[in-house]
Amino acid sequence: MLTFSTGNKAVATAVKDAKTVVVAAYPITPQTEVVEETANNVASGALKARYIPVESEHSSMGACIGAAATGVRTFTATSSHGLVYMCEQIHMSAAARLPIVMANANRALGPGWNIGAEHTDSMSMRDSGWLQAYVSTVQEAYDTTLMAFRIAENENVLLPVMINLDGFLLTHITQPMDTIDDLGDYLPPTNTPHAIDINNPGGYGTLTPPTEHFKFRHDIQRGMKDSVAVIEDAQADFAKRFGRTYGMYEEYLCDDADVVIVAAGTLAKESEVAADILRKEGIKAGVLRIRWLRPFPDLTAALKGKDVVVIDRDYSFGLGGILVNEIRTKALEAFIGKDGKANLPFSVIAGLGGQEVTYDDIADFVRNRKSGGELWFGVTE
Amino acid sequence: MYEIRLHSRGGQGGVTAAKLIAQAAFLDGKYATATPLYGAERRGAPVVSFIRIDDKPIRIYSQIRKPDLVIVLDTSIMQTVDVLAGLKADGKVLVNSQHPMELGSHKVYHTDLTGIALSLDLVLAGNPILNTPLLGAVAKAGIISRESAQKAISSVFADDRNTKAAVKAFEDMEP
Amino acid sequence: MAEIPDEEFILKTTSACAGCSASLILRYVTKAAGKDTVLVIPACCTSVIQGVYPNTAVNVPVYNVAFASAAAVASGMSEAFRAVGKKTNVICFAGDGGTVDIGIQALSGALERGTDFLYICYDNEAYSNTGMQRSGATPIGAKTTTTPLGKNEYKKDLDAIVEAHNPVYMATACSAYPVDLYNKVKKALSIPGPKFIHVLSPCPPGWRFPSEKTIELGKLAVTSGMWLLYERENGKLTITGASKAAMKKSTPIEDYLKAQGRFRTATPEDIAMLKENSKRKMARLAHEAEAQAAEAEEA
């Protein structure tokens, strides 16, 4: 059904349409509408779920762990300080192989208090074993939340999935959205192989010697690796059934591009407008939007021989932009020419704390790119 | 693309108004987005919302810098905020005011949204509701259709005084 | 006396210390709860007692969770079971550290939300799993590895905190009185809603007493009035078991203190405060019981 929705409401609508059984969440700006909308859906009977109004984010993920351990479909949402407050549980939920789905409204961390968009919150969780998607439209937020349940619950994955929406920019924007009236069997019932079974009692998470611990960690890596095929299948089946196509990453005018802008979230959409402007000037620009950060896609072929400008709405202090460093690592060969000379990505740090970044600014980043350089947008040394 | 910047005060319903205008444009068959420029949610503080309307999907998330139309729900804001900032040379202004207003060479619509709301007793927590009559005025300015304005309002508000207010604003405002 | 079932859910392969009362408590809790039960266990001695992967000494599912998170995980688990129509008992089995200190926020939240679960705090009055550091439940005068001169502060009144949440059922118990404990767990699990049982759990290595004296220590705690046995059903107070006699006439607290090494450096002031605290608690309970009896008579 064609409707009009905010990014937050899109997530809550997908949670309802997925017939989620347990939702435990704690409100935090700018994610609050997800919690309110879900509480309303449960109160009205539109969603026959148990909504647990927990007292903190550490407990919201704790409650999700308990619920998912029994084998039911489980969801939560958070943002920023809430996400890092539940950090311990983020790691534990992945290590317990629980297919929890969570929406995160990307927001800066304090101090000072800032509620604007920034990716450092979720990207600081990238080593936890959670799959991470970054969405860029209200429609994509709805679609990806639905897909997330199917991907997380797949027996070859059994890892939690985080859907990231830029705080305010996407959580609060209202856009047209087409909801799915009948999901059919796109989302099969949950079938968690290690769900608690009182007829087959066992110890979960007991003391584990190094040999077994090592094996369990390797299993997570294997699940992460196998998740690529599961994501691709979930996206292809989604396109076949519902007509909307998604990839591990999305390319805009990249085929003949000399320079490719790489970004995640709403900045990547805004970059498409910049690419259009640059093309009118004769600069053949394209955009590669990172949709899945974990598992991280192989971008070597996509970026081979191109100038690359990476915009990070995040930073790893002492290293650099997180995306640009992931790309340098995973697509290193793309940046070495036939002559052996390197043409490294130009790193732009922009949009931290909701800093305003326009398509004109992005076009400037491209015009002023320097191989291997780094620019903190708006900061004069 | 048609871009609208809406100035209001916290509690006046400016954010909802922006959503309703975008929704009406969407019902007209256009693509539309509405975004509040957030701040701390305080009663009475100046609030800005953005509406974009286009024939194709809109990929811009940054703020509107060169609006085609500026809407001012509370003219007292004009004492502290330059509401005309960036307004295109042929850009228009719609003010909630009993009296006509001159703002440079810009075409200025005026309508007494507050009076309309009060005449219908459309008051919420002490504030006259301005967003639903505003839709009638925006329709009169030719940005959205009258039918879509009504549909957008009735999809959100069950009380038919809201559509009545919109009709009254549509009829009152000079084109 | 209750018929205590022969069926064992705690097998003879635990990794508990000799004379461990926590494993004894767990044995009777699981006997009372039966097969349709899941144990939620935060970091505590039971993390070790249950055994090492791939083995387990517990014959019901055991879910090990983050230290601060037992009651939160139990919330989600209980709601999920109820959502699919299962009556499975969800029991948190947590030490004093995971309850009165790091886990109290999650416990408070779960109690306030009316979660259908049973929370059992087995209280050995210190962080015993990490080798006996002070906790909020360590009594005044007790020596731990982080209070080398003895603790200067009162034991946190966990029961008063829990009581303030108006749980449907709450009780205290002691490992030395397993039948009393068994009956309380049985009763608790027969009532839907949030239930709480606080069990004193004498710890031979931590409290510095010989392993064969675990029961004796528990009995001394109760007969001396240092630990009181009671229950509250929807607020209605009943003094139970050996505490009925102890509240009339208690044995000397010194007998209890002298039986343990941890109080060896306790000062006369410490001991006076322990006595005073015990007396005050007994008086408060006695007063409340009398008031309730008078109220009942009037009604």
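A short reminder: the numbers here are calculations on the coordinates, not readings from a lab. Everything numeric here is computed off the predicted structure, so don't read it as measured data. With ideal geometry, Cβ positions are generated from the backbone for all residues, glycine too; neighbour counts draw on all protein chains shown.
Pairs from the list C:K213/C:K281; C:K195/C:K258; C:K86/C:K155 with a Cα-Cα gap above 29 Å: C:K195/C:K258; C:K86/C:K155. Counting only other chain Cβ atoms within 10 Å of each residue's Cβ, the peptide A:69-75 averages 5. Each peptide among B:95-105, B:70-80, C:150-160 gets the average number of other Cβ atoms lying within 10 Å of its residues, and from highest to lowest they stand as B:70-80, C:150-160, B:95-105. The magnitude of the dipole of region A:182-249, with charges of +1 and -1 set on the Cβ of Lys/Arg and Asp/Glu and taken from the Cα centre, is near 240 debye.
Projecting the Cα atoms of C:C174, C:S190, C:A106 onto the charge dipole of chain C (Cβ charges, centred on the Cα centre) puts C:C174 farthest toward the positive pole. Using a ≥ b ≥ c from the Cα gyration tensor of chain A (square roots of the eigenvalues), is it rounded, prolate or oblate, where a/c under 1.5 gives rounded and otherwise the larger of a/b and b/c decides, a/b for prolate? It is prolate, given that a/c is not under 1.5 and a/b is the larger ratio.
Across the options B:I116, B:I77, B:I129, the greatest Cα extent toward the positive end of the charge dipole of chain B (unit charges at beta carbon of Lys, Arg, Asp, Glu) belongs to B:I77.
By the count of neighbouring beta-carbon atoms within 10 Å, fewest first, C:C203, C:C17, A:C64 end up ordered C:C17, C:C203, A:C64.
Listed by chain and number, the aspartates and glutamates whose alpha-carbon sits under 14 Å from that of C:K219, ignoring those within fewer than 8 places in the same chain, are C:D180, C:E254, C:D255.
Which shape class, rounded, prolate or oblate, goes with chain C when its Cα gyration tensor gives a ≥ b ≥ c as root eigenvalues, a/c under 1.5 marks rounded, and past that a/b bigger than b/c marks prolate? It comes out oblate by the Cα gyration axes. Taking every residue in B:50-62 and counting other chain Cβ atoms within 10 Å of its Cβ, the average works out to 5.
Peptide C:54-63 is shielded by partner chain Cβ atoms: per residue, an average of 6 of them sit within 10 Å of its Cβ.
Each label was represented as a point 7 Å from its Cα along the Cα-to-Cβ direction; for A:L332 and C:A160 these points are 6.3 nm apart. Shown for region B:24-175: lysine pairs separated by 8 or more places, or found on different chains, whose C-alpha atoms are under 15 Å apart, numbering 11.
Counting only Cβ charges, +1 for Lys and Arg and -1 for Asp and Glu, the dipole size of region B:72-175 around its Cα centre is about 260 debye. Distance from the alpha carbon centroid of region A:166-197 to that of region A:1-66 works out to 11 angstrom. Going by the alpha-carbon gyration tensor, a ≥ b ≥ c the square roots of its eigenvalues, is the protein assembly as shown rounded (a/c under 1.5) or, if a/c is not under 1.5, prolate (a/b greater than b/c) versus oblate? Because a/c hits 1.5 or more and a/b exceeds b/c, the protein assembly as shown counts as prolate. The Rg/Rh ratio for region B:2-172, using Cα coordinates for both the radius of gyration and the Kirkwood hydrodynamic radius, is 0.93.
A simple charge model with +1 on the Cβ of Lys and Arg, -1 on the Cβ of Asp and Glu and nothing else charged puts the dipole of the protein assembly as shown at about 1460 debye relative to its Cα centre.
Summarising the label geometry, the points placed 7 Å from Cα in the beta-carbon direction at A:H218 and C:T251 lie 5.7 nm from one another. At q = 0.14, 0.19, 0.21 Å⁻¹ the log10 of I(q)/I(0) for region A:250-376 amounts to -0.52, -1.01, -1.26, computed by Debye summation with a single uniform scatterer per C-alpha, solvent ignored. Quick one: how many lysine pairs in region A:250-376 have C-alpha atoms under 29 angstrom apart, if they're 8 or more apart or on different chains? Taking the Cα cut-off of 29 Å, the pair count is 28. Identify, among A:A108, A:Y359, C:L200, the residue whose Cα sits farthest towards the positive end of the charge dipole of the protein assembly as shown, taking +1 on the Cβ of Lys and Arg and -1 on the Cβ of Asp and Glu, with the dipole about the Cα centre. After comparing all options, I get C:L200.
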